Amino acid sequence: MLQVENFFDLSGCRFSELFEKVNFVWEVLKRRDAYIKEVIEPNLLGKISKRAIVEGDVSVGKGSVVEPGVMIVGPAIIGENTLIRHGAYIRGNVIIGDNCIIGHASEVKGTIILNNTELAHFNYVGDSIIGSNVLLGAGVKTANVKITGDTIEIIVEGKKYQPGFVKFGCIVGDEVHVGCNSVFNPGTLVGRRTCVYPNVSLRGYYPGNQIIKLKQNQEHRKRVF
């Protein structure tokens, strides 16, 4: 239930070896920094705007586009045919797959993103793993630190896991769609093909193939002034 294969199909993933031989999916994040340091080959093969800022060890694959106003601070690996839109901020120990979009004014930090995934705009994703063919609508955020600063617990069906993270956002399986302005609380896991409606505050573990809604009661009155 909490293994890599329950969240991700890694066929066609250039960095699938990063996910091998772990007991729980979140353990991949513990390998992230060392893996990037080992495999990165800094090279800017895509179209990089002269008005973008690229610092440190950064690899950008063929066919990728980095628009004006982007800031990328390595180490970072960005795949092929990926678009980094105006105003995006990529900062430190990030892997982004092929055919992705990192939208306007979005920030990505310490995160692994698989192929064909889109962060629409105004997103923050930190210390997380995002699957393939995922769509995060405008304003979707991950909270990756508890307000108390305590180590983050992961609670799945009443059982508590202690992975040892102070910073940990979310695990989002393949083909998940998340509506605008939803928030992942620290340590949230969402299974494959789940659809999250706008403005939902997500916490804990959600199995795959779910629809998650926030119900609101609206009051309508005739305007008298």
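The values are calculated or read from the model by the stated rules, or taken from the named source; none is laboratory data. Just so it is clear, the structure is predicted and the values come from calculations on it, not from any experiment. Don't worry about glycine lacking a Cβ; one is built from the backbone with ideal geometry, like all the others, and counts go over all protein chains shown. Only protein heavy atoms, including side chains, enter the accessible area calculation; ligands, DNA and RNA are left aside. Shrake-Rupley method; radii C 1.70, N 1.55, O 1.52, S 1.80 Å.
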| field | Long pairs among LYS21/LYS141; LYS30/LYS167; LYS109/LYS146, criterion Cα-Cα beyond 20 Å | value | LYS21/LYS141
| query | Using only the Cα atoms, what convex hull volume per residue in Å³ does region 38-160 have? | reply | 120 Å³
| field | Distance from region 92-156 to region 180-225 (C-alpha centre basis), Å | value | 17 Å
| query | Can you give me the relative contact order of region 54-125 as a percent, contacts being Cα pairs under 8 Å and 6 or more apart? | reply | 24 percent
| Hypothetical label at ASN6: residues of region 197-225 whose amide nitrogen lies under 16 Å (7 Å Cα-Cβ projection) | 204-210
| field | For region 95-185, alpha-carbon Rg relative to the globular expectation (2.2 N^0.38 Å, N residues) | value | 1.07
| Seen from all sides and averaged, what is the projected area of the convex hull of the Cα atoms in the chain, in nm²? | 14.9 nm²
| query | Within the accessible area of the chain, what % is carbon and sulfur when the probe is 1.4 Å and the other protein chains stay in place? | reply | 48 percent
| query | So which GluC sites (Glu not before Pro) in region 20-96 pass both tests, a DSSP loop state and at most 16 other Cβ atoms within 10 Å of the Cβ? | reply | GLU20
| With each label point set 7 Å from Cα along the Cα-Cβ vector, what nm distance links ARG223 and ASN81? | 4.9 nm
| request: Send over a whole-number figure in Å² for the accessible area per residue of the chain, probe 1.4 Å. | output: 51 Å²
| Residues listed by number, region 70-110, amide nitrogen under 14 Å from LYS47 label point at 7 Å toward C-beta | 81-86
| note | In a Gaussian network model of the chain with springs linking alpha carbons closer than 10 Å, the residue among LYS109, LYS141, LYS159 that fluctuates most is LYS159
